[in-house]
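The structure under discussion appears below in the form of structure tokens.
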Amino acid sequence: MKGIILLLKFMTRLPIGVEPKFDSDSIGKSMKFFPIVGMVIGLILFAFFWGFSGIIYTPMLMIVLLVIIEVILTGGLHLDGLADTFDGIFSYRSKQKMLDIMKDSSLGTNGGLVLILYFILKIVLIYELEMTIGLPSGIVFLLTPAIARLNSVINCASAPYARATGLGKTFVDNTNGFGVIVATVLVLLYTIVIGYLFLLPVVMLIIIPIVMLFGFIFAKLMTRKIGGVTGDTLGAVVELSEILVILLIYIFAVLFV
């Protein structure tokens, strides 16, 4: 429980009242519970969706507001990692130079572009899901944060840490195959419950392995590019996985609905 609270404090901007003493080993070992952070975020977003549904009748406005709330809940932590990762990887420099660029707090052209494209694609895909198959945006936001965070666990277990030190090192050092199994079971159970409550098709259980495969490939790509994963790439894989989940839902909806 202490590790989960630390994860919520470290990975979100939620006003957690309890102040457990920071312990790097405890928070590192709790990485297997990272999808629970996504579940909490998803439930909060769904609560906002339900609360706003009586006063906001325009789907696009609802989606934009939920995207903004999601950014506020996470403090843009993973978006920062996404931008830094693209700045570094697409600089096409040496491994060390890529790591140096990723550590730089300045936002480069590639980072700016990926953020713009990320928000456009995310908003448009969720809007199209609601318009074409009638899947409410609140359900999408309920599911995607938990599934996406599974890939951070996979990355921690599938690649070394690319730096000698760093905030993400404790997660990598304390995450193994058992952690991936725990995280996967949590996500599967959560998805099954949500699917049962909202009459979602079993296809969601097909999407999860595809997303996990992407997470594994991403970890190996980062290992080839920069020698492993970093805190930035762990954030990047969360945001990229959210887009992939939404895209796969859209593709399967078009094919089977």
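The values are calculated or read from the model by the stated rules, or taken from the named source; none is laboratory data. Quick caveat, the model's predicted, so the values are computed rather than measured. Quick reminder, even Gly has a Cβ in these numbers, built from the backbone with ideal geometry, and neighbours come from all protein chains shown. Heads up: the accessible areas ignore ligands, DNA and RNA and are worked out on the full protein's heavy atoms, side chains in. Shrake-Rupley method; radii C 1.70, N 1.55, O 1.52, S 1.80 Å.
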Heavy-atom accessible area per residue - the chain, 1.4 Å, Å²: 46
Computed FRET value (nearest 0.05) for Leu188 with Ile251, which takes r as the C-beta separation and R₀ as 30 Å: 0.90
C-alpha long axis of helix 137-158 to longest principal axis of the chain, angle in °: 20
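Which entries of Lys32/Lys220; Lys97/Lys169; Lys122/Lys225; Lys9/Lys32 have Cα-Cα distances beyond 22 Å here? Please report the intermediate quantities before stating the final value.
Working: Lys32/Lys220 19 Å; Lys97/Lys169 19 Å; Lys122/Lys225 26 Å; Lys9/Lys32 16 Å.
Over 22 Å Cα-Cα: Lys122/Lys225.
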Share of carbon and sulfur in the accessible heavy-atom surface of the chain [1.4 Å probe, %]: 71
On Cα atoms only, tilt of 34-52 relative to the major axis of the chain in degrees: 30
FRET E, pair Ile206, Leu107, Förster distance 30 Å, beta-carbon r, rounded to 0.05: 0.25
Angle between the chain longest axis and helix 177-198 axis [Cα atoms, degrees, rounded to 10]: 10
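Pull out the extension gain between Ser94 and Val64, defined as 0.36 nm times the separation in residues minus the alpha carbon to alpha carbon distance; nm, one decimal. Intermediate results must be reported in sequence, preceding the final value.
Working: separation 30, 0.36 × 30 = 10.80 nm, distance 3.81 nm.
That pair, Ser94 and Val64, stretches by 7.0 nm at full extension.
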